[in-house]
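Participant: Okay, handing you the structure first.
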Amino acid sequence: MSTVPQAPSISDLPPAPTRPRRTALQRRRGFIGIAMSAPAFLLVTALLGWPMIQAGYYSMTQWDGLTATWIGPSTYTHEFHDPAFWRVLQNNGLLLLSIPVALGIPLGIAFLLDSRVFGWRTFRSVYFLPTAISWVVIGMVAERFFAAQGQLNSITGAVGLGFLKSDFLSGQRTALLAVAITFVWSMIGTNTIIFLTGMATLDPSLAEAARVDGAGAWQTFTRITVPQLKRFIQFALMMTLISAFTALFSLIFVMTSGGPGYGTTTLEFFVYQTAFATGQFGTGAMLGVILFVIMATVGIVQVRLLRTKE
């Protein structure tokens, strides 16, 4: 006759692990850390926290810069039904499609420079030069490059491709493409330096072992180098993503002024247009709050990615 096994009682279970108590030295260090960081925290709260609270309040009002009339959260509902708002977000989304290119090209360049190709020191300086140029100067150069009588059309005409001549900045999609190309070019130097820094920390014995086993340059790059650069790729991704949302105002202002129409207007530039070009400061504050929420979400994702285990 078989017996039915009995389920273990609570008393039979092992005791739950207890958290070790903090020593007096650890508590003292924690208190000193809080005391030392408190002035900086209070200063940041005073300089940034209060303006953020004001922006949240004015985002629910009809504000002309002098007087504010309370409307309520319905301002957000009204904005979410505005086709122009979604067109602007679409432009941001299309610019995000250029991020893999803005990461892939610098990654390949960094791999070649790390391989010590002929003239690698000179090339490293050349690729880093765009990071030393302001967005305004980059925008002025790009505006002349993509213009109807610019250098791009001159080059295509000189090589017998005159039928490709076009005023890129006059069409909505082509203008956004020109902005995306300029953005990718401007990020090459920064991301290349990030990846070069990461490659300098890698163990060369792994790549040497792969070459001994018969792996080619492409296999070594994709299966040995890239996996070890995970943290650096994540960091470059977040830096490029943040730049795509918050660093293109000067570039767009000089190249296209957000046009034609809303063709190159990003959310950041839309805040300026709404608040300062039309005087709708309440709506501008609301768009600023939306941009802040998006960037805060990106920051949280960044922190979680950087905290994940290898």
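The values are calculated or read from the model by the stated rules, or taken from the named source; none is laboratory data. Keep in mind that what you see is a predicted model, and the values were worked out from it rather than measured. Cβ sites come from the backbone with ideal geometry, for glycine too, and all protein chains shown count toward neighbours. Ligands, DNA and RNA are stripped out before the accessible areas are found, and what is left, the full protein with its side chains, is counted by its heavy atoms. Shrake-Rupley method; radii C 1.70, N 1.55, O 1.52, S 1.80 Å.
Participant: With a 10 Å cut-off between alpha carbons and a GNM built on the chain, which of Leu164, Leu202, Leu94 moves the most?
Facilitator: Among Leu164, Leu202, Leu94, the largest GNM mean-square fluctuation belongs to Leu164.
Participant: From the alpha carbon gyration tensor of the stretch 22-61, can you work out the equivalent ellipsoid semi-axes (sqrt of 5 times each eigenvalue) and give them in Å, largest to smallest?
Facilitator: Working: eigenvalues 247, 20, 3 Å².
With the √(5λ) rule applied to the stretch 22-61, the semi-axes are 35, 10, 4 Å.
Participant: Kyte-Doolittle cut-off -0.5, length cut-off 27 Å along the helix's own axis using Cα: show which whole DSSP H helices in the chain pass.
Facilitator: Working: long enough: 24-44 (30 Å, 0.91); 172-200 (42 Å, 1.27); 281-307 (38 Å, 1.75).
Counting only whole DSSP H runs, the qualifying helices are 24-44, 172-200, 281-307.
Participant: Related question: Using the 2.2 N^0.38 Å rule of thumb for compact globular proteins, work out how the chain stacks up: its C-alpha Rg over that value, please. Let's see the in-between values first.
Facilitator: On the way: Rg = 26.8 Å, N = 310, 2.2 N^0.38 = 19.5 Å.
Compactness ratio reported: 1.38.
Participant: Please compute the Cα-Cα pair-distance distribution of the stretch 95-171 with 10 Å bins starting at 0, giving whole percents from short to long.
Facilitator: 16, 28, 38, 17, 0
Participant: Moving on to the next point. Counting only protein chains, not ligands or nucleic acids, how are Val303, Val289 ordered by accessible area (probe 1.4 Å), most first? It would help to have the intermediate numbers written out before the result.
Facilitator: Values: Val303 65, Val289 35 Å².
Result of the area sort, largest leading: Val303, Val289.
Participant: Specify which residue in the list Thr274, Leu206, Phe183 is farthest towards the positive end of the charge dipole of the chain, using unit charges on the beta carbon of Lys, Arg (+1) and Asp, Glu (-1), about the Cα centre.
Facilitator: Value: Leu206.
Participant: How big, in percent, is the set of alpha carbon pairs in the stretch 152-295 lying more than 24 Å apart? All intermediate terms of the calculation are to be shown ahead of the outcome.
Facilitator: Details: 5616 of 10296 pairs.
Looking at the stretch 152-295, the distances longer than 24 Å represent 55 percent of pairs.
Participant: With springs only between Cα atoms under 10 Å, which of Leu113, Leu291, Leu42 fluctuates most in a Gaussian network model of the chain?
Facilitator: Leu42
Participant: Report the calculated FRET efficiency for Ile300 and Ile53 (r = Cβ-Cβ distance, R0 = 25 Å), to the nearest 0.05. Don't skip to the end; give the middle numbers.
Facilitator: On the way: r = 20 Å, r/R0 = 0.81.
With a Förster radius of 25 Å, E is 0.80.
Participant: Averaged across orientations, what area in nm² does the convex hull of the alpha carbons in the stretch 205-275 project? Numbers along the way, then the final one.
Facilitator: On the way: hull surface 27.7 nm².
Averaging across all directions leaves 6.9 nm² for the Cα convex hull.
Participant: Using +1 on the beta carbon of Lys and Arg, -1 on that of Asp and Glu, and nothing else charged, what's the dipole of the stretch 101-211 about the Cα centre, debye to 20?
Facilitator: On the way: 7 positive and 5 negative charges, 36 e Å.
Approximately 180 debye in magnitude.
Participant: Given points 7 Å out from each Cα along the Cα-Cβ axis, report the Gln90 to Ile133 separation in nanometres with one decimal.
Facilitator: 3.1 nm
Participant: Taking only DSSP H segments of four or more residues, each worth -39500 (n - 2.57), what value at 222 nm results for the chain once the sum is divided by all its residues, to the nearest 500 deg cm²/dmol?
Facilitator: Working: 15 runs with 194 residues, N = 310.
Taking each H run of at least 4 residues, the total per residue is -20000 deg cm²/dmol.
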